[in-house]
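The values are calculated or read from the model by the stated rules, or taken from the named source; none is laboratory data. Every value quoted in this text rests on a predicted model; they were computed, and no experiment measured them. Here Cβ is always computed from backbone atoms with ideal geometry, including for glycine, and neighbour counts include all displayed protein chains. Surface areas here come from the heavy atoms of the whole protein model, side chains and all, with no ligands, DNA or RNA. Shrake-Rupley method; radii C 1.70, N 1.55, O 1.52, S 1.80 Å.
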Amino acid sequence: MCFIFPAVVITSVLAWLYQTYGQLPEVAPFIYGIKPAVISIIIIAAFRLGKKALKNTELAILGIVTLVASLLGVHEIIALFGCGFLGLGLYYFKQNTGALKSFIPLLLFQVTDPTKIGTFKIFLTFLKVGAILYGSGYVLFAFLDTELVANGWLTRQALIDAIAIGQLTPGPVLSTATFIGWQMNGIAGAIVATLGIFLPSFLFVLILHPLIPKMRRLKAIGAFLDAVNVAAVALIVAVCVEMARDTLTDWRTILIGAASLIIVFVFKKMNSAFIVLGGALVGFLLTLI
């Protein structure tokens, strides 16, 4: 509660301000500059995770395959677990054994109505995302792009702005769910989205904490997890590509995006909140030209 509550309260206030004033002309120039800056933050996160995840050539190839599949529209869940099973298959192939053991897939519930979403469906959607989210908080945006933007429940601009808010506020990046829930159904949506996104992680940690070290020592499971880690990085890159298509539409946004990318790679320890604020300021100044 102490870790999450401050971020949720701050994010809720910003969500209300965004919903009330975000579309006004006075605020639009600042939001205009935030969007390309956010992409650079996600790219540096993917780069850092990728350096740890890409342990060999086979994993790099699996990552590329997952990236292409995601860009072609393959669902993130299928991409994650498909890459994991490919990694497991490669492990057994290298071990020269033909006995591939089977895994029982997770049974995942789906939100079926593509045109309408209420408070309970918001909770179910974020509960599902929280239950299958893997690799990094930044993978969240790939899942939300599929679950919300593709179904018409949220615009991609609102998703990008939500990412910016998640970077500006303290605490976990998953507090972005609070902001998005508010945009979808006010304070009730914010509450259920927050509960839904965080609840599975607490349950999983409670159950799996004593088991994960033992599982990691099993080489087959380690190969599966290594491949899923690479897939998670690929999904982050894929969502960056999709966001760039919608965001980098003129020389101003391209300039802000390029400058932000250079800054995050040169000043690696800089707080991402300064990148977001800098993008907002530069966006405002460039719109005056």
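Just a few scattered comments:
- Helix 119-132 axis, angle to the chain major axis (alpha carbon atoms, nearest 10°): 50 degrees
- Remark: for residue pairs LYS51/LYS94; LYS55/LYS94; LYS51/LYS269; LYS55/LYS269; LYS35/LYS121, the C-alpha separation exceeds 18 Å in LYS51/LYS94; LYS55/LYS269; LYS35/LYS121.
- For the chain, the longest principal axis of the alpha carbon atoms and the long axis of helix 156-168 meet at an angle near 90°.
- In order along the stretch 175-188, phi translates into HN-Hα couplings of 5, 3, 4, 4, 4, 5, x, 5, 5, 7, 7, x, 5, 5 Hz, rounded to whole numbers, per the Karplus curve 6.51 cos²θ - 1.76 cosθ + 1.60 with θ = phi - 60° and x for Gly and Pro.
- The packing ranking of peptides 193-202, 211-220, highest mean first, is 193-202, 211-220, where packing means the average number of other beta carbon atoms within 10 angstrom of each residue.
- Here the accessible area of the stretch 147-289 is 74 percent carbon and sulfur, with a 1.4 angstrom probe and all protein chains present.
- Per residue, the solvent-accessible area of the chain (1.4 Å probe, heavy atoms of protein chains only, all protein chains present) comes to 52 Å².
- Over the chain, the fraction of Cα-Cα pairs per 5 Å bin, rounded to whole percents and listed from the shortest bin up, is 1, 5, 11, 15, 17, 17, 14, 9, 5, 3, 1, 0, 0, 0.
- Ranked packing of 146-159, 166-179, most packed first, by mean Cβ within 10 Å: 166-179, 146-159
- Packing-based ranking, highest mean first, of 221-230, 10-19 given that Cβ atoms within 10 Å are counted: 221-230, 10-19
- Count Lys and Arg as plus one, Asp and Glu as minus one, and take only other residues whose Cβ is under 12 Å from that of LYS219; the net charge is then +2.
- Apportionment of accessible area to carbon and sulfur, the stretch 6-83, percent (1.4 Å): 75 percent
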